[in-house]
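Just below is one structure, and these are the notes that go with it.
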Amino acid sequence: MASSYKTAQPQPGLVHEFRPNLTAFEFRPEKYPQKSDKVVVFIAGLTNGLLNVPYLPQLAEAVAEQGWNLVQVLLSSAYRGFGVSSLARDVKELGYLVEYLKSETGGQRKKIVLMGHSTGCQDTMEYLSKFKFNDKYQPDVHDVDGGILQAPVSDVEAFQLTHKNLEELTKRVHDEYISQGKGEHILPQEFRAATFNTAITANRFYSLAHPRGSDDYFSSYLRNEDYAQTFGKLSVPILVLYGSKDEFVPPLVDKQKLIDTWKENVADEKYWSPYSKVLPGALHNVGPGSDEGSVLELIDTVKRFLSTF
């Protein structure tokens with residue numbers, strides 16, 4: 001999902017072009033400008049781009065104090081690009097970034113943790129539970145050491161909050177486009193109200209809005225057999241941080257119960273971070289409107305998690 005944001009102050013750092021037309025921004029806070037061989041790769045959500053998740057500058061300084069650099073990747077799906085992209089394409093590009101960061105040009109990084117925000121959480125899970133088992137995945141090149149899920153909400157359930165005819169729309173998309181071999185066609189304007197007025201293909205709309213579409217990792221209606229293909233595939237530690245006031249989550253969803261269910265379904269309990277929690281008073285992006293102290297608790301929990309590596 002997308003996040004509201006407050007305009008960020010200018011940030012010192014480095015821009016990396018890790019593939020043609022693919023870039024990443026490495027924060028280098030003034031207090032801690034040194035390069036580290038440990039990085040947190042931040043992956044934002046739908047409609048997000050550089051710097052517009054409010055807590056990033058504070059997080060960058062906090063992890064730098066601990067000996068890590070924060071790197072925000074700008075995937076081709078950033079901003080309004082998500083409508084013509086997919087999770088599979090996202091993780092392919094993430095693989096390029098991981099490969100680059102491990103190279104001499106990219107700084108020969110030794111530790112890499114993926115941190116997803118909102119739909120960036122789906123990207124993180126896709127990388128760890130799908131891409132890792134792809135024929136093109138090379139362990140020495142593409143392995144990462146852990147994952148963080150901040151605001152791992154269901155796109156389906158979020159869209160349902162404001163679009164009561166979502167089921168009708170997804171059925172039309174399937175019947176009029178996908179079943180007719182038109183999955184890559186851009187949908188008419190009437191469909192775009194559910195996706196932030198973004199031009200979107202039939203395939204991506206269906207993936208985001210239909211139960212058990214390929215983007216559907218975190219819905220409350222999923223069952224153990226679904227989680228066996230996601231959380232059950234994890235082989236690195238995962239930290240889950242879910243805002244208690246997340247505005248994209250239906251009121252009937254029990255966030256703590258959902259987190260407990262995910263914990264029960266990891267392949268091995270050693271991969272579940274005991275620091276996982278519902279963040280009290282936190283909105284989706286832990287931005288304005290969140291309770292005082294929410295950002296500090298988020299950052300403190302991330303630091304505790306990173307200290308285990």
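In order along region 104-111, the phi-based Karplus estimate (6.51 cos²θ - 1.76 cosθ + 1.60, θ = phi - 60°) of 3J(HN,Hα) comes to 5, 4, x, x, 6, 6, 9, 10 Hz; Gly and Pro are listed as x.
Each peptide in 93-104, 263-274, 61-72 receives the mean, over its residues, of other Cβ atoms within 10 Å, and ordering these scores from highest gives 61-72, 93-104, 263-274. Treating r as the C-beta distance of residue 165 and residue 226 and R0 as 22 Å, the FRET efficiency rounds to 0.30.
Spread over its residues, the convex hull of the C-alpha atoms of the chain is 130 Å³ per residue. Fewest-first ordering of 25, 309, 231 by other beta carbons within 10 Å of each residue's beta carbon gives 309, 25, 231.
For the chain, the dipole from Cβ point charges (+1 on Lys and Arg, -1 on Asp and Glu) about the Cα centre works out to 360 debye, to the nearest 20. D for region 157-215, whole µm²/s, Stokes-Einstein with Kirkwood Rh over alpha-carbon pairs at 10 °C and 1.306 mPa s: what number? Once the numbers are plugged in, D ends up at 142 µm²/s.
Using 0.36 nm per residue and subtracting the Cα-Cα separation, the extra length available between residue 111 and residue 80 on full extension is 8.1 nm. For region 134-190, what class follows from the C-alpha gyration tensor (a ≥ b ≥ c being the square roots of its eigenvalues): rounded when a/c is under 1.5, otherwise prolate if a/b is larger than b/c, else oblate? Judged from the Cα gyration tensor, region 134-190 comes out oblate (a/c at least 1.5, b/c at or above a/b). Once the Cβ-Cβ distance between residue 21 and residue 236 is put in as r, and R0 is 35 Å, what FRET efficiency do you end up with, to the nearest 0.05? E between residue 21 and residue 236, to the nearest 0.05, is 0.75. Rounded to the nearest Hz, the phi-derived 3J(HN,Hα) couplings of region 181-191 under the Karplus curve 6.51 cos²θ - 1.76 cosθ + 1.60 (θ = phi - 60°) are x, 10, x, 9, 6, 6, 6, x, 4, 4, 8, where x marks glycine and proline. The alpha-carbon of residue 303 sits under 16 angstrom from the alpha-carbons of these lysines, leaving out residues fewer than 8 places away in its chain: 38, 111, 277. Between residue 89 and residue 31, the simple label model (points 7 Å from Cα in the Cβ direction) yields a spacing of 4.0 nm.
Each residue of region 73-82 is assigned a 3J(HN,Hα), and the resulting list reads 8, 10, 6, 5, 8, 5, 6, 9, x, 5 Hz, derived from the Karplus form 6.51 cos²θ - 1.76 cosθ + 1.60 (θ = phi - 60°), x at Gly and Pro. Within the chain, DSSP assigns beta bridges of which about 30% are antiparallel (rounded to the nearest 5). Projecting the Cα atoms of 214, 179, 307 onto the charge dipole of the chain, computed from C-beta unit charges around the Cα centre, puts 307 farthest toward the positive end.
Readers should treat all values here as calculations from the given coordinates under stated rules, not as data from a laboratory. It should be emphasised that the depicted structure is a prediction, and the values quoted were computed from it without experimental measurement. Virtual Cβ from ideal backbone geometry, glycine too; neighbours counted across all protein chains shown.
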